Amino acid sequence: MSGLQTETLELPGWTHFYSGKVRDLYVPAGSSFEETDRVLVVASDRISAFDYVLESEIPDKGKVLTQLSLWWFEQLSEIPNHVISTDVPEAVAGRAMVCKKLEMFPIECIARGYLTGSGLAEYKDRRTVCALPLKAGMVDGSKLEPAIFTPSAKAAVGEHDENITFEETAARIGGQQAADLRDATLALYMRAEQIARTRGIILADTKVEFGIDPSNGEITLGDEVLTPDSSRFWDAETYAPGQAQPSFDKQFVRDWLTSDASGWDKASGAEPPALPADIIERTRGRYIEAYERLTGLTFTA
């Protein structure tokens, strides 16, 4: 996770514990992570690309991620989630949640409803996605019917997650829990896909994380859910299989970094350059558009 530099906030009643690519975790003041049953999850405006946390931030991104996650948690209320409260310190209002501390599974749970990204690359090579055979003749953007569960193993910080098979997942966490995660992930995807479609949005794929709630042993949805950082959203009106689809995410950032204009060589090992103002603003606009189209609400900073 090269390039990660965080400025942690002094928050009354909370002590900083950990910083990830985007989120900062705090525990109640006077307690340790091991002792507490709750954490404060703060979404920053940091943005990552190609395993680098960039020097530039995207204004209001953390608020968009948090508010959209909270909206989705409400839509998916039949699935237990980790949110306890949004009563948070004023300095992080709108971008933070008080959450249950879960015993997280070491698995990224991915549901794919369309063929694209790394799944498309594997399909072109072997006609499979995470070792699941698919029919011939599929192209970028082809709909997968039914949607498929393609887990990955969480990697160490700064490394790529590793795509694994369902059988490998079962070997790591047990067959019953692997089946439970698969079923929960696909049920979540199918419900969310239906909701997004009524808003003119295609949910191509999504990554979610689950953990065990120590208080009752339930498998519980954690982290963020169905945001542009964890999901591919496409505009249903412009969807056209056989080509890359514009996404409601950090596509502008990736495209600029890999263009001649950035002067950056992804293979060089050098830190990516700062983003131009127009790329920052267009990326911010894309995140806000995703929020407003999905929720039907007007985003307020």
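Throughout, read-outs are computed from the coordinates displayed, never taken from laboratory work. Everything numeric in this text was worked out from a predicted model, so none of it was measured. Cβ atoms come from the backbone with ideal geometry, glycine included; neighbour counts cover every protein chain shown.
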Kirkwood hydrodynamic radius (Cα pairs, Å) of the stretch 14-100?
13.8
Along its three principal axes, how long is the chain when you only count alpha carbons? Whole Å, largest extent first please.
59, 50, 40
Among all the lysines, which ones have a C-alpha under 23 Å from Lys135's C-alpha, if same-chain residues fewer than 8 places away are not counted?
Lys124, Lys143
Under 15 Å from the Cβ of Thr128, count the other residues' Cβ atoms, weight Lys and Arg +1, Asp and Glu -1, and hand me the total.
+1
Fewest-first ordering of His82, His16 by Cβ atoms within 10 Å yields His16, His82
Compute the label zone of Ser215 within the stretch 82-98: residues whose backbone N is under 11 Å from the point 7 Å along Cα-to-Cβ.
82-85
Add +1 for every Lys or Arg and -1 for every Asp or Glu among the other residues with Cβ under 14 Å from the Cβ of Gly242, and state the total.
+1
Starting from the Cα of Ala267, move 7 Å in the Cα-to-Cβ direction to define the label point; list residues of the stretch 51-86 whose amide nitrogen is under 18 Å from there.
51
Would you kindly give the portion of the calculated P(r) for the stretch 103-250 that falls above 29 Å, as a percent of all Cα pairs?
15
Looking only at Ile279, Ile219, Ile110, which one moves most when the chain is put into a Gaussian network model with springs between Cα atoms under 10 Å?
Ile279
Arrange the following residues from fewest to most other Cβ atoms within 10 Å of their Cβ: Met138, Met97.
Met138, Met97
With respect to the cross-link table entries Lys101/Lys154; Lys63/Lys154; Lys63/Lys266; Lys100/Lys250, which display a Cα-Cα separation exceeding 23 Å?
Lys63/Lys154; Lys63/Lys266; Lys100/Lys250
Percent antiparallel among DSSP beta bridges with both residues in the chain, to the nearest 5?
95
If neighbour count is taken as other Cβ atoms inside 10 Å, put Cys130, Cys109 in order from fewest to most.
Cys130, Cys109
Expected 222 nm ellipticity per residue - DSSP helices of 4 or more, -39500 (n - 2.57), all of the chain, to 500:
-9000 deg cm²/dmol
Quote the relative contact order of the chain in percent (integer), defining contacts as alpha-carbon pairs under 8 Å separated by 6+ residues.
18
Provide the FRET efficiency to the nearest 0.05 for the Glu289-Asp125 pair, computing r from the beta carbons and using R0 = 30 Å.
0.30
Measure off 7 Å from each Cα along the Cα-to-Cβ vector at Arg191 and Arg282, then give the distance between these two points in nanometres to one decimal.
3.7
